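What follows is one structure encoded as structure tokens, with my remarks underneath.
The values are calculated or read from the model by the stated rules, or taken from the named source; none is laboratory data. Keep in mind the model is a prediction, meaning the values are calculated, not measured. Positions of Cβ are generated from backbone atoms using ideal geometry, with glycine treated the same way; all protein chains shown enter the neighbour counts. For the accessible areas, the whole protein counts, side chains as well, though only heavy atoms, and no ligand, DNA or RNA atoms are used. Shrake-Rupley method; radii C 1.70, N 1.55, O 1.52, S 1.80 Å.
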Amino acid sequence: TDGTNAVFLVTAGNDGVRLLRSLDAGASWAVITDYAGTYGDLFVPRDGDATIWLVDGTHVRMSTDLGDSWTDAGTVPAGSGTWDLAGSEAGAPTLYLIGDGGQLWRSDDAAATWNFTGTTSDYWGGSMTASAVNPDFFVYGGVEVHKSLDGGASFTTQNYWYDYYGSPADTLHADIPGIDVIPDGAGGEIWFINTDGGTYRSLDGLATVRNVSLYGLRVGQYYDVLTSTANPDHVAIGSQDQGYQLTNRVAQDDDAWEVEQVLSGDYGHLTSGDGSHAFVFSVYPGFILVQIGEDDPYLAYLDFPGGEAYVPWLPPIVADPEARADFFFPATRIWKYTKAGRDNWNSAVWSEQDFRVAGDEYVSRLAFSPVDPRRAVALTSYGRAWYSSDKGVTWAMSPSMVADDNWLYGQAIAHSVTNPDLVTIGGSGYGVPAVYRSEDGGRTYFPWSEGLPDTLVYTLVEAPDGSGRIFAGTETAAYTRGPDDDAWVDITTSDAPVTIYWDAEALPDSNTIRFATYGRGVWDYVLAPVESDCPAGQDADGDGVACDTDCDDADATVYPGAAEACDGVDRDCDAATPAPGEYDADADGSPACADCDDLDPVRTPGAEELCGDGIDEDCDGEDVDCPAAAAPDDPGGCGCAWGGGRAPRNAPLAWMGIVAAAGLLAARRRA
């Protein structure tokens, strides 16, 4: 802060621990100190003083010429090979050290002597600082923030991690990777507490804190994004520490979304069998989360299968493409979860194949072909590839080795949306190709990584415009490659953030690839403006018919060859609704469109009317009530045969309707 534009950086890597300096605000760097294998730290005053302080394994050193030369200020206490350093300019200065095991030391004479104040608990290396205006005010963080007003002799906790959920705006989120404080120029100071749930600011010495990350900051650490095919305004997001997020109950008045965190935690692998949000499955490290309902959703929680081990931190579950209420759980074997009740699923082994060729191996990704759901590909943590033609019940192993997994999330698989034999997979590409391609349904693979740096591929998705282009989200950028291209091309240029591109999805209606990034929220890459409502190859409703031949690509019950019903809808795309005489589902001799109930052979035009049963048997629009005194053999002039005293034929159906309505109300209350 002395106007020199000097920036200092302590680094640790294969070449040791070093202190680097830039004199041009970070444009260029030079090593000025080598820590000779020890782990040290640096304190740079925040009040404009040019003196900087450095601690290595044995000494505290000071420099008044930006690190060109150093003077020993004192030796460090014994018993630690790693030290973190903080200081208060209000002392001489007052310096604080935390060493191995959390031991805390304080010096009031600029490192000449040290006093042991105690042992910290819940300390994360580097997360410590001292007030610039009060030498006795010292703060450190771990899961929570701990502060002392007596120079480290005693500490209080700012708030406990679970307090956050009741008041996110003014209560610290858990996990504290950094704490910073700067003078405000008027005798006070501004504190910043950096948490895994965002940054907080305090203007009163941490008496209160305010979350400055709730609106407008756009720094979400997102693992996954899933846009509903039923309503593109409904977007579900799985994040790191900011939980499971939804847009569908939040008013939007900006070009970037506001989202609601409906549940805290870390959620990934969002998956839907039909692309809608009727059922969305995701995982937290320890349980499965289920969103039930498109418009008024509520949440259910399921256990991982018992007796399993060696799965990624976020296991790569995948929805059943043929039964939207069910999903698969890959582990050492593949499990199937089948819906068994309103909030209940039964789990059972789907495939007896044991994928542990090595002892600690597991399935790290599973995917089904959108062209033929019976064809599946599975990858393991060791980079082995398997293929199946019976929806994952039996498997054969490919002779090809492919990229292995990311320990937290697995690998990536992109089945072609037009060719069931074409499969692209991605994974860890450090020293080996990151992407491989198969043209025989996963039986064999060849490297397809030209143009990519040594990087990790987190996600792969095919363009929705029928071009066959593949998009990759990686550790470094987002890339694309066409089926006939020689290499991958970086598409981020200067418009998109330099961050991890963790997930991607194709949006046919807008001809867009939507990326979830780890640190910069959600970004859309628009391939080209949509010139029609039917991009080539699109099948938005998932009925197996492309939009150019489907007369309604938003309704999966409407497509060429579909079964007609007498409901006024042209379901088979023949440009005509069913005419009288075309169907007679209940075989009562009355055509469907002239029958008031084509599921009940008793109800048909001209049928004998039974009195007193509440049913319109003859389809004339009314049920004739006979006098209560009428005898069975004397209808009493009411024009019908007596049917009183027996249960109406449709009573069971009416009861089912009441039960269903009650269930719907319960679901809405729970939401």
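Hydrodynamic estimate: the Kirkwood radius of the stretch 354-411 over Cα pairs, inserted into Stokes-Einstein at 25 °C and 0.890 mPa s, corresponds to D of 213 µm²/s. Listed by chain and number, the lysines whose alpha-carbon sits under 29 Å from that of Lys391, ignoring those within fewer than 8 places in the same chain, are Lys336, Lys339. Extension gain, Tyr160 to Asp233: 0.36 nm times the residue separation minus the Cα-Cα distance gives 22.7 nm.
Note on Val212 and Cys596: with the Förster distance fixed at 60 Å, the Cβ-Cβ geometry gives a FRET efficiency of about 0.40. Taking all protein chains together and a 1.4 Å probe, the residues Ile425, Ile413 rank Ile413, Ile425 from largest to smallest accessible area.
Between the C-alpha center of the stretch 341-402 and that of the stretch 134-187 there is a gap of 47 Å.
In this view, the solvent-accessible surface of Val522, computed with a 1.4 Å probe and all protein chains in place, comes to about 40 Å². In this structure Thr476 has an accessible area near 60 Å², from a 1.4 Å probe over the protein heavy atoms. When all protein chains stay in place and ligands, DNA and RNA are ignored, the 1.4 Å accessible-area order of Glu450, Glu144, largest first, is Glu450, Glu144.
Set the Förster radius R0 to 30 Å, insert the Cβ-Cβ distance between Phe116 and Thr38 as r into 1/(1 + (r/R0)^6), and round the FRET efficiency to 0.05. My answer for the efficiency is 0.90. Note that the chain presents 44 Å² accessible area per residue, ligands and nucleic acids not counted, probe 1.4 Å. Sorting Cys547, Cys596, Cys619 by accessible area puts them as Cys596, Cys619, Cys547; the probe is 1.4 Å, largest comes first, and only protein heavy atoms count.
Note that the stretch 282-295 has calculated 3J(HN,Hα) couplings of 8, 10, 10, x, x, 7, 9, 9, 10, 8, 10, x, 6, 9 Hz, one per residue in order, obtained from phi through the Karplus relation 6.51 cos²θ - 1.76 cosθ + 1.60 (θ = phi - 60°); glycine and proline are x. Ignoring ligands, DNA and RNA, please state the percent of accessible area on the chain from carbon and sulfur, probe 1.4 Å. Answer for the chain is 52 percent, counting heavy atoms of protein chains only. Can you give the angle from 0 to 90° between the axis of helix 651-670 and the longest principal axis of the chain, with both taken from C-alpha atoms, to the nearest 10? The angle comes out at about 10 degrees.
Largest first and in whole Å, the equivalent-ellipsoid semi-axes of the chain read 63, 32, 22, each the square root of five times a Cα gyration tensor eigenvalue.
With the Kirkwood sum run over all distinct C-alpha pairs, the stretch 125-173 has a hydrodynamic radius of 11.6 Å. Full extension of the chain between Tyr430 and Ser28 yields a length gain of 142.0 nm, computed as 0.36 nm times the residue separation minus the alpha carbon distance.
Charge tally for Asp49 (other residues, Cβ to Cβ under 11 Å; Lys, Arg +1; Asp, Glu -1): -2.
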